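Everything on this sheet refers to the single structure shown next.
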Amino acid sequence: MTAPPRSQSPDWGNEEEVDALVSLGEALIIAILERAPMETIKNMVADGAPLWFQDEEGTSALHAAAYVENAKLMTYLIEEGAIWNSVDNLHNTAGDIALSFNNETCYNIVRDAGIRSDYVLATAELILSLLSSRSPPADSSLSLVLKATDTTAASSSETFLTSHLSFTKDEYGQEICLVKVSDNEEVGVMMGWERGIMQETVHKLCSGHENFVDGLKILNVGFGLGIIDTMFQSLPTPPSLHVIIEPHPDVLQRMRELGWFDKPGVKVLEGKWQDFIESDALLGAGGFDVVYTDTFSEDYKDLREFFGHVPDLLLGPESRFGFFNGLGATNATFYDVYTQVSELHLSDVGIDVEWSDVDVVEADGDRWGQTREYFTQRFYRLPVGRMRVSS
Ligand SMILES: C[S@@+](CC[C@H](N)C(=O)[O-])C[C@H]1O[C@@H](n2cnc3c(N)ncnc32)[C@H](O)[C@@H]1O
């Protein structure tokens with residue numbers, strides 16, 4: 001049985017009360033699965049059947065309603081306080097169950113509940129600090145919560161920037177950059193399998209740009225393996241200005257060894273984007289045709305803060321903005337919700353986003369299966385933002 005949110009907590013000291021709640025919760029789930037009339041379900045909820053309750057398999061009333069594809073009931077349960085993002089023992093939300101039945105209506109009910117709750121809670125820093133774009137898999141909604149207190153290199157900038165990085169090749173020959181998060185666990189800071197995403201990102205950000213033939217002015221935040229920067233440099237007309245912001249000493253050392261500090265038109269700003277975002281070193285460039293950001297160990301709160309600066313960084317309405325869209329990418333519903341949330345927040349700062357899908361499975365097969373722990377979806381949703389032109 002899963003613990004209820006604190007606000008709905010029963011008095012755990014009273015065993016009889018707990019048993020009664022468990023019985024009510026179980027009976028509600030059974031009634032829903034047996035397709036009992038709506039009135040019966042409403043009476044059970046009114047009599048105190050807890051919507052937070054999950055049975056031995058992690059099934060909640062909302063999961064049960066998704067199993068019987070009852071959209072009206074799902075809407076009612078969410079209105080009554082059912083938790084949109086509770087996951088069962090197989091890590092599926094009710095939205096994932098609806099998806100498995102190909103039921104778009106039911107899926108959208110859960111997704112929209114997620115968007116509403118996250119959007120409303122967007123100012124609550126606690127919630128927004130739960131996700132980082134390249135985090136190890138979230139086994140449950142609880143593990144998302146625990147990220148708030150995660151001080152490993154995967155979630156804490158401070159730890160990451162003082163951790164040693166190893167640049168190596170795996171058994172398939174793909175380039176990888178790894179950081180230790182515990183004595184026996186390493187996570188990928190950047191992986192070669194993302195090359196396809198980076199290639200498509202460069203294409204969407206640069207092709208057909210009106211300043212393309214003169215050489216674009218490009219800002220990239222986060223060098224990593226330098227995959228996207230190498231692609232920017234390989235454009236038919238190389239960038240007229242290519243600013244790279246990178247804080248990690250090991251990455252900077254590698255950039256030096258690879259000659260990035262001596263490339264014509266390349267300017268490396270050594271530090272975090274937060275150190276430069278309002279500086280002359282950056283704003284003195286007079287605006288960029290292309291801005292891209294892909295950092296590590298930062299959370300959605302940081303990304304959202306960056307969104308707020310993008311209008312000052314773009315040169316004009318033709319300029320394009322992209323970011324690595326890896327939030328919640330270990331679960332289809334979470335990924336969809338956070339994709340929509342970022343679109344809403346970009347809209348708040350006057351940026352409209354166009355999305356396109358990159359099939360990461362077709363491109364790479366299952367070769368990088370184990371290493372791709374922070375991105376388990378088939379389709380990467382690639383964002384390209386532009387300043388809204390008011391008419
Ligand atoms: C995922 S990698 C970027 C990969 C890159 N897109 C590529 O194509 O290889 C993330 C990089 O962001 C850097 N980084 C982390 N925090 C940062 C910050 N606050 N500002 C700028 N860069 C940051 C990391 O040191 C790392 O080099």
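The values are calculated or read from the model by the stated rules, or taken from the named source; none is laboratory data. The model shown is predicted, which means the values in this text are computed figures rather than measured ones. A quick note on method: Cβ atoms are made from the backbone with ideal geometry, for glycine too, and the neighbour counts reach across all protein chains shown.
Inspect the range 263-279 for any residue being farther than 15 Å from residue 293 by Cβ and either outside the structural domain of residue 308 (by TED's automatic domain parsing) or part of a helix (DSSP H, G or I) (or both) and give the result as yes or no.
No, every residue in the range 263-279 fails to be farther than 15 Å from residue 293 by Cβ and either outside the structural domain of residue 308 (by TED's automatic domain parsing) or part of a helix (DSSP H, G or I) (or both).
List the number of the failed condition for residue 279; all other conditions in (1) buried (at least 19 other Cβ atoms within 10 Å of the Cβ); (2) over 25 Å from the mean Cα position of the chain (by Cα) hold.
Single failed check for residue 279: (1).
Starting from the range 240-258, take each residue that is among the basic types (Lys, Arg) and list its partners that are within 12 Å of the ligand (Cβ to nearest atom) and not in a helix (DSSP H, G or I), counting only C-beta distances under 7 angstrom and pairs at least six apart or across chains.
254/167
Of all residues being within 13 Å of the ligand (Cβ to nearest atom) and either surrounded by fewer than 21 Cβ atoms within 10 Å (Cβ to Cβ) or assigned by TED's automatic domain parsing to the domain that holds residue 97 (or both) in the range 283-318, which is farthest from residue 178 (Cα to Cα)? Just the residue, please.
309
If a residue must be in contact with a strand residue (DSSP E or B) (Cβ under 6 Å, 6 or more places away or on another chain), within 10 Å of the ligand (Cβ to nearest atom) and either of a type in the set (Ser, Thr, Tyr) or closer than 26 Å to residue 383 by Cα (or both), how many such residues does the range 246-282 contain?
3
Confirm whether residue 321 is of a type outside the set (Ser, Thr, Tyr), within 15 Å of the ligand (Cβ to nearest atom), part of a helix (DSSP H, G or I) and at pLDDT 95 or above.
Working: of a type outside the set (Ser, Thr, Tyr): yes; within 15 Å of the ligand (Cβ to nearest atom): yes; part of a helix (DSSP H, G or I): no; at pLDDT 95 or above: yes.
Answer is no for this residue.
Which ranges mark the helices (runs of 4 or more DSSP H) fully within the range 159-260 that have 1 or more residues being out of contact with any Asp or Glu (no Cβ under 8 Å at 6 or more places or on another chain) and at pLDDT below 95?
Fully inside the range 159-260 and qualifying: 195-206.
Can you tell me which of (1) out of contact with any Gly (no Cβ under 8 Å at 6 or more places or on another chain); (2) closer than 24 Å to residue 338 by Cα is the one residue 41 doesn't meet?
(2)
Checking the conditions here, which among 179, 243, 221 is outside the structural domain of residue 294 (by TED's automatic domain parsing), within 15 Å of the ligand (Cβ to nearest atom) and under 26 Å from residue 276 (Cα atoms)?
Step by step, each of 179, 243, 221 is checked, and only 179 is outside the structural domain of residue 294 (by TED's automatic domain parsing), within 15 Å of the ligand (Cβ to nearest atom) and under 26 Å from residue 276 (Cα atoms).
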